[in-house]
Amino acid sequence: MNSVLFVDDNLHLLQGLKRGLRSLRAQWEMHFVASGQAALDFLAQRSVDVVITDYRMPGMSGFELLSRIQKDYPATVRIVLTGQPDRETYGVAIGVCHYFLWKPLDIDRLKPLLDRLAELNGLLENPELTRNLRGLTTLPTFPEVYNQLTQVLDNPEADRQELLRLISHDISLTMQILKMVNSAFIGLVREISTLDETIQYLGLNTIRSLVLAHHVFNVSVVDAVEDELRQLWEHSCTTAWLAEALVRDKGDGCLQAYTAFAGLLHDLGKLVLIHCLPEVHQQVNRLMTGQGLSRTQAELEILGCSHAAIGAYLAQLWGLPHSVVEAIYLHHLPEITSGQSLSEIAEATWHANRISRGDHSLSQREYQMLCHYPEVKKRLETLSRD
C-alpha cells in the first residue's frame, strides 16, 4: 500500500485532511505530523512514498524539510503546500519538490494527484532506478543551446520568440519548464498547453531566475558524451518536427503542441541514463556492440526495463500530460500497426520516430502524408542522404 505523510503546524488543517481523505484509506496509508522535525523523526523510523508539507512553518520551514528529505530520502515524492502562490516561491522551491499545492487545499484536486502518483508503481520495478529518478531535479542540456539561451536571457529586452525557439529544441529545457508549469499550476482554472503560453505566464524574470540563478541545467556532465548527446538532440528535434507535421491537418493547436512535446521527449530515458547512470549506459552500449542486441533488448537485459519506461516514469512524476507520458512509453511498441487503440499523439510519435531514423517500412501512409509539405519533404530528403 502507498503511504503519505502530511506536515503542517496548523492542527485544524490536519484534522480537516484526516476527515476529507477517509475515502482514500483503502489505497493510501496516511500519517500526520505538526512540524518539520517531527517529520524527520518519523522518517527515521519508517519510509513513506509521498511527503506533503506546508511551506511556511515555524522552526524548520517546508523548504528546509524537503531539502533534507531530498538528500536523505531521495525515493520520496516531495510536494509543497503553500498559501503564497507567487512566482518567487516556486522559483526557489522547484529545485527540491515535484509538485505545488495551494491553500486552502482542494481535496478534489489532491485525489487525482495521489492517483497519478500511485500509477508510478506500475511503470518500473527496479528500486534503485526508482530512487534515482525520484531524487532527480535536473538534466543536462546541450552546451550550444545553453550558451545561446544565456545570451538571450542576459538581454534585458529578451525576445520571447527566440527564447521559445531555443527551449522548444532542447529536451532538458522543455522538461524543466513543463515540470515547473505542471507542478506549480495544479490550481489553475485553465490549462496551459503550449511553451509560448508558459513563457508568457511565468515571465522572463522567472525563466531567467530558473536557468541562471539556480543553475538547474547541468552542463558539466555533457563534455564526455557530446557527440552522443548531439545525435540524441538532432534525432529528438527531427522527431518532434515530423510528429507535429503528422497532426497539422487536424487544426488543433493543443494537439500539435502536445505531439511536438512527445516527439521531443520520446527518448528522454536515454538522457536520464547518460546523466544518472553513465556506467550503466556504457554497459548497454557494450552489450549492443558485443552481442548485436537492440538498445531496448540490452536495457532489458541489464535494467529489467527500457529507456521508454524510464522516460515515461520521469514524465509522469514531473506532471506532464498523460498523452505525452503514453507516447513516451509506447514509442518502441512493435505492435502499433496491429490495430491497437492508441492516442493520436502516441501514434504520430511512433511513426515520426521510425521515419526520422530512415525506416518508413511500416509508415508508408504517414511518410507520403509528410511529403505533401514542401519543407518537410526537403527535410526527409536530407535524412535519406544522411
Self-check item: helices (runs of 4 or more DSSP H) within the stretch 24-141 that include 2 or more residues at pLDDT 90 or above and open to solvent by less than 30 Å² (accessible area, probe 1.4 Å)
Solution: 36-45, 62-72
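Within the stretch 312-324, track down each residue that is hydrophobic (A, V, I, L, M, F, W, C) and either open to solvent by 10 Å² or more (accessible area, probe 1.4 Å) or modelled with pLDDT of 90 or more (or both).
ALA312
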Quiz item: Among (1) free of Cβ contacts under 8 Å to residues at least 24 places away in the same chain; (2) touching a strand residue (DSSP E or B) at 6+ places or on another chain (Cβ under 6 Å); (3) within 19 Å of GLN316 (Cβ to Cβ), where does LEU14 come up short?
Solution: (3)
Exercise. Could you tell me which of the residues THR206, THR239 is open to solvent by less than 20 Å² (accessible area, probe 1.4 Å), farther than 19 Å from GLN316 by Cα, modelled with pLDDT of 85 or more and of a type outside the set (A, V, I, L, M)?
Key: THR239
Practice problem: Scan the stretch 285-303 residue by residue and report those that are aliphatic (A, V, I, L, M) and open to solvent by 10 Å² or more (accessible area, probe 1.4 Å). | Solution: LEU287, MET288, LEU293, LEU300, ILE302, LEU303
Practice problem: Considering every residue within the stretch 304-311, establish whether at least one is out of contact with any strand residue (DSSP E or B) (no Cβ under 6 Å at 6 or more places or on another chain), free of Cβ contacts under 8 Å to residues at least 12 places away in the same chain and either over 29 Å from VAL77 (Cα atoms) or open to solvent by 10 Å² or more (accessible area, probe 1.4 Å) (or both). | Solution: no
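Return the residues of the stretch 366-386 that are outside any helix (DSSP H, G or I) and either closer than 22 Å to HIS332 by Cβ or open to solvent by less than 60 Å² (accessible area, probe 1.4 Å) (or both); say none if nothing qualifies. Quick ask: steps written out before the conclusion?
Within the stretch 366-386, the first condition is being outside any helix (DSSP H, G or I), and the residues that meet it are 371-373, 386.
Selection gives CYS371, TYR373, ASP386.
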Quiz item: Only one of (1) assigned to a helix (DSSP H, G or I); (2) at pLDDT 70 or above fails for GLU144. Which number is that?
Solution: (2)
Quiz item: Give me the pairs: first residue in the stretch 257-286 and within 22 Å of SER356 (Cβ to Cβ) and among the basic types (Lys, Arg), second residue surrounded by 24 or more Cβ atoms within 10 Å (Cβ to Cβ) and modelled with pLDDT of 90 or more, beta-carbon distance under 8 Å, and six or more apart or on different chains, which are they?
Solution: LYS270/HIS307; LYS270/GLY311
Quiz item: Out of ASP227, ASP223, which single residue is farther than 28 Å from SER323 by Cα, surrounded by fewer than 21 Cβ atoms within 10 Å (Cβ to Cβ) and at pLDDT below 70?
Solution: ASP223
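The values are calculated or read from the model by the stated rules, or taken from the named source; none is laboratory data. Nothing here was measured: the structure is a model prediction, and the numbers come from that model. In this analysis, Cβ positions are derived from the backbone assuming ideal geometry, glycine residues included, and neighbour counts consider all displayed protein chains. Just the protein is used for accessible areas: all its heavy atoms, side chains included, with ligands, DNA and RNA removed. Shrake-Rupley method; radii C 1.70, N 1.55, O 1.52, S 1.80 Å.
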